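This report concerns only the one structure given below.
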Amino acid sequence: MKTIKLPIFVLSILVMAGCGSSLQRSSPESSAKVAESNQEVISDPQVRTQQVSLTQAQDSQSVAEAMNRKILRNAELTLEVSDPGTAQRKITSIAESLGGFVVLSESKQRQSEGKQDLVVNVVVRIPAQQFDAALNEIRSQGTSVIQEKATGQDVTEEYIDLEARIRTQKALELQFLEIMKQANKVADALEVQRQIADVRTEIEKLEGRKRFLENRATLSTITVNLQTPTPIVVSTSGFGRNIREAVADSITVAGAIVLFLIRFVIVMIPILVLIILPGALLARFIYRRSKRMQLSGSVPTSDSD
């Protein structure tokens with residue numbers, strides 16, 4: 001039995017040694033394979049992280065800020081058109097096709113050079129992103145542009161301030177509601193309720209202003225005045241015509257002077273008869289009476305012997 005167990009023990013030791021050497025030989029190969037796989041993972045462009053430069057980050061931030069800005073854009077145009085009524089309908093179609101609508105459409109007659117001209121005033125609201133396109137299309141409807149004015153007002157700061165004030169007022173309202181729950185006296189509850197009403201009024205006012213700015217920033221306003229072309233008057237006057245006009249003007253001035261004198265005499269006759277003549281007669285009577293009284297008072301009386 002002992003002679004049998006010993007060879008088995010030695011054989012088992014040899015087998016274990018061979019396994020250990022094979023493991024040692026395979027360890028560098030496995031390490032190399034792991035290193036190669038890691039290198040492939042690192043060199044893989046899908047796994048490699050993309051490096052973003054500081055300039056790109058600033059540019060993206062600037063674009064985001066520009067998109068969030070609240071700008072009120074308005075424009076006013078005065079166009080000469082051959083047919084204001086037709087141009088009015090085309091402007092209405094342009095506004096509706098771009099997602100806008102007509103706020104005001106007014107027509108009136110104007111007296112010009114002895115004839116009646118139609119003057120049309122149209123006010124449209126256009127989405128802000130379609131402002132430039134609408135302005136170009138409307139401008140193309142006229143034969144000439146008499147006047148054009150475009151304005152832009154940045155209200156981003158006011159809009160952000162409104163949001164901050166609304167948040168503050170809502171937080172204050174929540175605090176008052178908590179105090180309202182803890183009020184034990186009727187007077188305290190009424191006072192807190194009055195404070196809550198004031199805060200709610202301020203919140204509604206701020207939210208109304210915020211909605212107004214959002215609406216004005218979302219929809220731009222374009223005012224269009226349509227009128228027919230003004231006729232060009234060419235002067236054909238010469239030297240002879242100027243002489244005739246000067247003579248006619250002098251005759252007109254002379255006639256006006258004569259007419260003034262006639263009117264003056266006609267107006268002065270009743271004044272002379274009713275006021276000046278009686279006044280002169282009265283003054284003459286008073287003067288003679290005073291003279292007679294002076295003469296009678298100056299005659300000396302004779303002394304009797």
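The values are calculated or read from the model by the stated rules, or taken from the named source; none is laboratory data. Small disclaimer: the values here were computed from a predicted structure and weren't measured. Using ideal geometry, Cβ is built from the backbone for each residue, glycine included, and neighbour counts are taken over all protein chains shown.
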Inset, instruction - Determine which single condition THR86 fails, assuming it passes every other condition in (1) touching a residue at least 24 places away in the same chain (Cβ under 8 Å); (2) farther than 30 Å from LYS205 by Cβ; (3) β-branched (Val, Ile, Thr). - result: (1)
Inset, instruction - Give the residue, chosen from ARG288, ARG263, that is of a type in the set (D, E, K, R), at pLDDT below 85 and assigned to a helix (DSSP H, G or I). - result: ARG288
Legend entry - GLU106 vs. criteria touching a Leu at 6+ places or on another chain (Cβ under 6 Å), loosely packed, with under 14 Cβ neighbours inside 10 Å and assigned to a strand (DSSP E or B): no
Legend entry - Those residues of segment 181-204 which are closer than 26 Å to LEU162 by Cβ, hydrophobic (A, V, I, L, M, F, W, C) and exposed (fewer than 15 other Cβ atoms within 10 Å of the Cβ), in sequence order: ALA197
Legend entry - Criterion violated by SER144 - all others in (1) surrounded by 11 or more Cβ atoms within 10 Å (Cβ to Cβ); (2) over 16 Å from ARG73 (Cα atoms) satisfied: (1)
